[in-house]
Amino acid sequence: MPQRAEILTTLLTERRSCRAFLPQRVLEMAQRTPSWCNTQPWQVIVTSGDATEQFRAGLLAHVAAEASASDIPYPREYRGVYLERRRACGWQLYESVGIARGDREASARQGRENYRLFGAPHAAIVTTDEAQGTYGAIDCGAYVNNFMLAAWSLGVASIAQAAIAGQAKFVRAHFNLAPDRQVLCGIAFGFEDKNHPANKYRTPRASVKDAVAWVEN
């Protein structure tokens, strides 16, 4: 296997969503993400230090008082195998941190960890250009993936957070976003707490044959 393919395979295999962080060139690397007609629709706000703490505190206060509302609609429905995968992922997380099925109080407490940024020292807020619609969101999604791979290549763990997009009203006001920017997601990042149980499970992947159809004639 060519060296570059081997490196990429390693990064893709080892990178994972980190849900617990220890308090401690990514952007330049992620900026190389390809985009539709090279529009590069992403804009990113990165917090550190007191800015992260203020964002974390404000976010927790907001979700305690107001319902979720995102700029980009949530999936209309999870069906069939997609629903099965979503449920399996959730149960893996709950099992890893000792939450029993049906324990709504404990699961809600774990859900609030999203708004605590899982203790991460940094947050990145990724926004897209509203006028570019789906294509802009796709390009920004590629940016998010490359951001996380670039971070992991430097030993920094991360997790993409759609939960942050669900609090777009707060995010927009907190960072004084322009009206033409849509909140796509947040990324919490920092050094991984390798001893935390939430970081010890791994989600499975469907086989290539389940995802790809080859047409030769």
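The values are calculated or read from the model by the stated rules, or taken from the named source; none is laboratory data. What you are looking at is a predicted structure, and each value in this text was computed from that prediction instead of being measured. Here the Cβ positions follow ideal geometry from the backbone for every residue, glycine too, while neighbour counts run over all protein chains shown.
Look through 9, 39, 13 and report the one residue that is hydroxyl-bearing (Ser, Thr, Tyr) and touching a helix residue (DSSP H, G or I) at 6+ places or on another chain (Cβ under 8 Å).
Details: 9 fails: touching a helix residue (DSSP H, G or I) at 6+ places or on another chain (Cβ under 8 Å); 13 fails: touching a helix residue (DSSP H, G or I) at 6+ places or on another chain (Cβ under 8 Å).
Sole residue among the options that is hydroxyl-bearing (Ser, Thr, Tyr) and touching a helix residue (DSSP H, G or I) at 6+ places or on another chain (Cβ under 8 Å): 39.
Any residue in the stretch 172-194 that is basic (Lys, Arg) sitting within a Cβ distance under 6 Å of a residue that is crowded, with 21+ Cβ neighbours inside 10 Å and assigned to a strand (DSSP E or B)? List the pairs, counting only those 6 or more apart or interchain.
181/127
Does residue 160 satisfy being out of contact with any Ser or Thr (no Cβ under 8 Å at 6 or more places or on another chain), on the phi < 0 side of the Ramachandran plot and of a type outside the set (Ser, Thr, Tyr)? Write out each step before concluding.
Numbers: out of contact with any Ser or Thr (no Cβ under 8 Å at 6 or more places or on another chain): no; on the phi < 0 side of the Ramachandran plot: yes; of a type outside the set (Ser, Thr, Tyr): yes.
No.
Give me a count of the residues in the stretch 150-162 that are assigned to a helix (DSSP H, G or I) and surrounded by fewer than 21 Cβ atoms within 10 Å (Cβ to Cβ). Steps first, please.
Let us first name the residues in the stretch 150-162 that are assigned to a helix (DSSP H, G or I), namely 150-153, 162.
Those left that are additionally surrounded by fewer than 21 Cβ atoms within 10 Å (Cβ to Cβ): 153, 162.
Summing the residues that are assigned to a helix (DSSP H, G or I) and surrounded by fewer than 21 Cβ atoms within 10 Å (Cβ to Cβ) in the stretch 150-162 gives 2.
Suppose we filter 144, 81 for residues that are more than 16 Å from the chain's Cα centre (by Cα) and aliphatic (A, V, I, L, M); which single one remains? I'd like the intermediate steps shown before the answer.
Working: 144 fails: more than 16 Å from the chain's Cα centre (by Cα).
Going through 144, 81 in turn, the sole match is 81.
Counting just the residues of the stretch 96-131 that are hydrophobic (A, V, I, L, M, F, W, C) and surrounded by fewer than 17 Cβ atoms within 10 Å (Cβ to Cβ), which one comes out modelled with the highest pLDDT? Talk me through it step by step, then tell me what you get.
Of the residues in the stretch 96-131, the ones hydrophobic (A, V, I, L, M, F, W, C) are 97, 99-100, 106, 108, 117-118, 120, 123-126, 131.
With the extra rule that they be surrounded by fewer than 17 Cβ atoms within 10 Å (Cβ to Cβ), the set shrinks to 100, 106, 108, 131.
Numbers: 100: 95, 106: 95, 108: 94, 131: 98.
That would be 131.
Suppose we keep only residues that are of a type in the set (D, E, K, R) and touching a strand residue (DSSP E or B) at 6+ places or on another chain (Cβ under 9 Å) within the stretch 180-207. Which one would you say is nearest to residue 125 (Cα to Cα)?
From the stretch 180-207, those of a type in the set (D, E, K, R) are 180-181, 192-194, 200, 202, 205; that's our starting set.
Adding the requirement that they be touching a strand residue (DSSP E or B) at 6+ places or on another chain (Cβ under 9 Å) leaves 180-181, 192-194.
On the way: 180: 15, 181: 11, 192: 20, 193: 22, 194: 25 Å.
Only one residue fits best here, namely 181.
Residues in the stretch 27-42: is at least one charged (D, E, K, R), in a loop (DSSP other than H, G, I, E, B) and closer than 28 Å to residue 204 by Cβ? Outline the logic, then answer.
Keep residues of the stretch 27-42 that are charged (D, E, K, R), which gives 28, 32.
Next, only the ones that are in a loop (DSSP other than H, G, I, E, B) stay: 32.
From what is left, the residues that are closer than 28 Å to residue 204 by Cβ are none.
Scanning the stretch 27-42, I find no residue that is charged (D, E, K, R), in a loop (DSSP other than H, G, I, E, B) and closer than 28 Å to residue 204 by Cβ, so the answer is no.
Yes/no matrix, rows are residues, columns are (1) in contact with a Lys or Arg (Cβ under 8 Å, 6 or more places away or on another chain); (2) assigned to a loop (DSSP other than H, G, I, E, B):
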position	(1), (2)
84	no, no
87	no, no
114	no, yes
124	no, no
128	yes, no
135	no, no
142	no, no
145	no, no
148	yes, no
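Before we move on, is residue 55 over 16 Å from residue 146 (Cα atoms) and at pLDDT 90 or above?
On the way: over 16 Å from residue 146 (Cα atoms): yes; at pLDDT 90 or above: yes.
Yes: the conditions hold for residue 55.
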